[in-house]
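Every read-out reported here was derived from the displayed coordinates using simple, explicitly stated rules and does not represent laboratory data. The shown structure was predicted, so the numbers you read here are calculated from the model rather than taken from an experiment. Every residue, glycine among them, receives a Cβ derived from its backbone with ideal geometry; neighbour counts consider all protein chains shown.
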Amino acid sequence: MKTRSAGLRTLASAVGLAFFLVTGCTPTQECGTWSFTGTPSGNSFPMSDNFTFNPANCGKNCDCSSDPIIQMVWVYDATNHMNLYAGNQPQGTRSDANGWAIDQINSWAYAYYSLHNDGTFDGGYGLPGANGTASTLNDAPGGWGANTYFYAVDAPVCYASKGCKDKILGYYFWSYTLDNNDTGQKFITSPAWKDLDTEFQNAVAAWNAWAPTSGSENDGTGTLPHAVALPALSDL
């Protein structure tokens, strides 16, 4: 858990990044197109993020047959000046120095958002796509208290391919805030900007450091001795 001063610096940095997004900054790589839908409901934010891979968008040639999404999140309690972590996950044990962490349901061993322990993908959370077919991530974060910031970055990764396996295909930033009445307000939803790609790599490194220590993971479809580390990932 961050100290008060470190948390405030992190909040100022994150809000500053959001400001630069709307005023113009360097975008991250986007090898395809994004479609985002979502509207706050009470203090939750039901949403769906879709990415359609087209390697020509970034001047590449790649046949990707499965591109599930990895999501990292940053949640900040502005009243108590500290980062928060989802569910009953040990607080901060898989987050990077700035409080970003790979988002996954407790006892799901893989970092790919909808990938079960038995190797199947869960359509309720979103199925991977392929060249010209959208990959989807469905989420509905909620349950946080008033005056909370929720930020997420979605990154589709080529999971099965003849030539570009483990390549990151793009990045998307989406967010909402909870006001003084604990009511959700939509914030920024847009293709991400530079520095968030570096933050993503830091969150992956934090996941990989934590994974061997996680203990047994059983999501109901299968049991693994611990969470599964990600391979080296890089932009296409």
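What's the tally of Lys pairs in the chain whose alpha-carbon atoms lie under 19 angstrom apart, where the two lysines are 8 or more places apart or on different chains?
4
Within a Cβ distance under 11 Å of Ala134, other residues only, what is the Lys/Arg minus Asp/Glu net charge?
-2
Which of Cys158, Cys25, Cys62 moves most in a GNM of the chain, Cα contacts under 10 Å?
Looking only at Cys158, Cys25, Cys62, the biggest GNM fluctuation is shown by Cys25.
Local charge sum around Lys167 (other residues, Cβ-Cβ under 15 Å, Lys/Arg +1, Asp/Glu -1)?
Net charge around Lys167: -3.
How would the chain be classified by its alpha-carbon gyration tensor: rounded, prolate or oblate, with rounded meaning a/c under 1.5 and the a/b versus b/c comparison settling the rest?
It comes out oblate by the Cα gyration axes.
With each label point set 7 Å from Cα along the Cα-Cβ vector, what nm distance links Ala205 and Ser234?
1.6 nm
Using a simple spin-label model with points 7 Å from Cα along the Cα→Cβ vector, what separation in nm is obtained for Thr33 and Asp63?
So the label points at Thr33 and Asp63 sit 2.4 nm apart.
What's the extension gain from Ser41 to Lys162 if we count 0.36 nm per residue and subtract their Cα-Cα distance?
39.4 nm
Just rank Phe53, Phe173, Phe36, fewest to most, by other beta-carbon atoms within 10 angstrom.
In increasing order of surrounding Cβ atoms, one gets Phe36, Phe173, Phe53.
List, in order, the whole-Hz ³J(HN,Hα) value for each residue of the range 101-118 obtained from phi through the Karplus relation with A = 6.51, B = -1.76, C = 1.60 and θ = phi - 60°; use x for Gly and Pro.
With the stated coefficients, the range 101-118 comes to 9, 5, 8, 7, 5, 4, 6, 7, 7, 9, 6, 5, 4, 10, 8, 6, 5, 8 Hz.
In the chain, which cysteines lack any other cysteine Cβ under 4.7 Å from their own?
Singleton cysteines: Cys25.
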